[in-house]
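Peer 1: To start, I am sharing the structure in question, which I have written as structure tokens.
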Amino acid sequence: MDSIPTIYDLNHLEIRQFDFFISFELNRSQKVVINENQVSFERSDGRVITLDQYQNQIRRQTNYQGHTTMMFDVTAFALERLNENTFKISFIKEGKLIEQVFHHYNISSPEI
């Protein structure tokens, strides 16, 4: 009988938590705004949650104030809108490229 693998690697756990957090915010958001290095989740209560890279960390801000570190040791962070309802987050953590694809019904890009 095979057993479910245990997560011993904290980096793997950190990445899985980051993925869960983004999914959680997507479910609570009315609108998602994507640009090259930042994603914003706009909620119905008026709050805006942003994720971006600050030095070697990925941080979370609420209404552009303060911050909570979501992930450490990130050397690159980029976002790409793939189509009308899909975007990709890419980052390099400890030399490994991680890419995750997410979907939302209302994704926009900042107007230039």
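Nothing in this text is a laboratory measurement; each read-out follows from the coordinates by a stated rule. Every value quoted in this text rests on a predicted model; they were computed, and no experiment measured them. Heads up, the Cβs are rebuilt from the backbone with ideal geometry, glycines too, and the neighbour counts pull from every protein chain shown.
Peer 1: Taking R0 as 25 Å, what FRET efficiency do you get between Tyr54 and Asn27 from their Cβ-Cβ distance, rounded to the nearest 0.05?
Peer 2: 0.50
Peer 1: What label, among [x] 1.11; [y] 1.01; [z] 1.07, belongs to Cα Rg over 2.2 N^0.38 Å computed from the structure on display?
Peer 2: [x]
Peer 1: Rounded to whole Hz and in sequence order, give me ³J(HN,Hα) for region 43-54 from the Karplus expression 6.51 cos²θ - 1.76 cosθ + 1.60, θ = phi - 60°, writing x for Gly and Pro.
Peer 2: Listing the rounded values in order: 9, 5, 7, x, 6, 10, 9, 10, 10, 7, 8, 10 Hz.
Peer 1: Using the alpha-carbon atoms, what tilt in degrees (0 to 90, nearest 10) does helix 10-28 show relative to the longest principal axis of the chain?
Peer 2: 30 degrees
Peer 1: Based on Cβ point charges of +1 for Lys and Arg and -1 for Asp and Glu, what charge dipole magnitude is obtained for the chain about its Cα centre, in debye rounded to the nearest 20?
Peer 2: Its charge dipole is roughly 260 debye.
Peer 1: Shifting gears a bit: Estimate the FRET efficiency between Glu94 and Thr62 by the formula 1/(1 + (r/R0)^6), using the beta-carbon distance for r and 30 Å for R0, to the nearest 0.05.
Peer 2: 0.60
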